[in-house]
Amino acid sequence: MEQPKTCLQCGKPLRGRADKKFCGDYCRNNYNNQLKADSTNYVRNVNHALGKNRRILEDLLPAGEKMTKTTKEKLLHHGFSFKYITHKFTNKNGSTYYYCYDHGYLPLDNERYLIVHWREE
Ligand SMILES: [Zn+2]
């Protein structure tokens, strides 16, 4: 026996066409507005995390230096999120750098990281 379908927004049982998803326009509009708000929030959160990551890398890099070493502990302590990067770059030696905009890191051994600042050559 098939389960009676329910409105995606309010959960009321649906009658009528088999492909119906909402009990009415009110619920359809609310549902779609919610989806849009969720995806806007998601983009905002990711942008915020990327900006924060970039700032942490920038702060850890001494002014005027091209690179510096740090530890995973230090990065996490500042609130760095390894989940968010803007892009990767693999150099000709096969080392992959993970970037947040113009600042990046290269994982080293023993949970250490090399922080670098991208410069156009
Ligand atoms: Zn409904």
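The values are calculated or read from the model by the stated rules, or taken from the named source; none is laboratory data. Only a predicted model underlies this, so the values are computations on that prediction, with no experimental measurement involved. A quick note on method: Cβ atoms are made from the backbone with ideal geometry, for glycine too, and the neighbour counts reach across all protein chains shown. Note: accessible area is taken over every heavy atom of the protein model, side chains too, but ligands, DNA and RNA are not part of it. Shrake-Rupley method; radii C 1.70, N 1.55, O 1.52, S 1.80 Å.
All but one of (1) more than 16 Å from the ligand (Cβ to nearest atom); (2) modelled with pLDDT of 95 or more; (3) open to solvent by 80 Å² or more (accessible area, probe 1.4 Å) hold for MET1; state the number of the condition that does not hold.
Unmet condition: (2).
Residues checked against (1) open to solvent by 70 Å² or more (accessible area, probe 1.4 Å); (2) within 27 Å of THR6 (Cα to Cα); (3) within 16 Å of the ligand (Cβ to nearest atom); (4) of a type in the set (D, E, K, R):
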residue	(1), (2), (3), (4)
ASP25	yes, yes, yes, yes
ASN30	no, yes, yes, no
ASN33	yes, yes, yes, no
LYS36	yes, yes, no, yes
PRO62	no, no, no, no
THR68	no, no, no, no
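Taking GLY24 as meeting all but one of (1) closer than 30 Å to HIS117 by Cα; (2) out of contact with any helix residue (DSSP H, G or I) (no Cβ under 6 Å at 6 or more places or on another chain), write down the number of the exception.
(1)
Report, by residue number, each residue of segment 25-74 that is in a helix (DSSP H, G or I) and among the polar types (S, T, N, Q).
Matches in segment 25-74: ASN29, ASN30, ASN32, ASN33, GLN34, SER39, THR40, ASN41, ASN45, ASN47, ASN53.
May I ask you to list the residues in segment 27-64 that are among the β-branched types (Val, Ile, Thr) and more than 19 Å from the chain's Cα centre (by Cα)? Before you say what the answer is, go through the steps one by one.
Of the residues in segment 27-64, the ones among the β-branched types (Val, Ile, Thr) are 40, 43, 46, 56.
Result: no residue meets the conditions.
Pairs please, first residue from segment 23-37 and within 15 Å of LYS12 (Cα to Cα), second anywhere and open to solvent by 100 Å² or more (accessible area, probe 1.4 Å), Cβ atoms under 9 Å, 6+ apart in sequence or on different chains.
CYS23/LYS12; CYS23/ARG15; CYS27/LYS12; CYS27/LYS21; ARG28/LYS21; TYR31/LYS21
Between a residue in segment 40-62 that is touching a residue at least 24 places away in the same chain (Cβ under 8 Å) and any residue that is of a type in the set (A, V, I, L, M), which pairs come within a Cβ distance under 6 Å, given they are 6 or more apart or on different chains?
LEU57/ILE115; LEU60/ILE115; LEU61/ILE115
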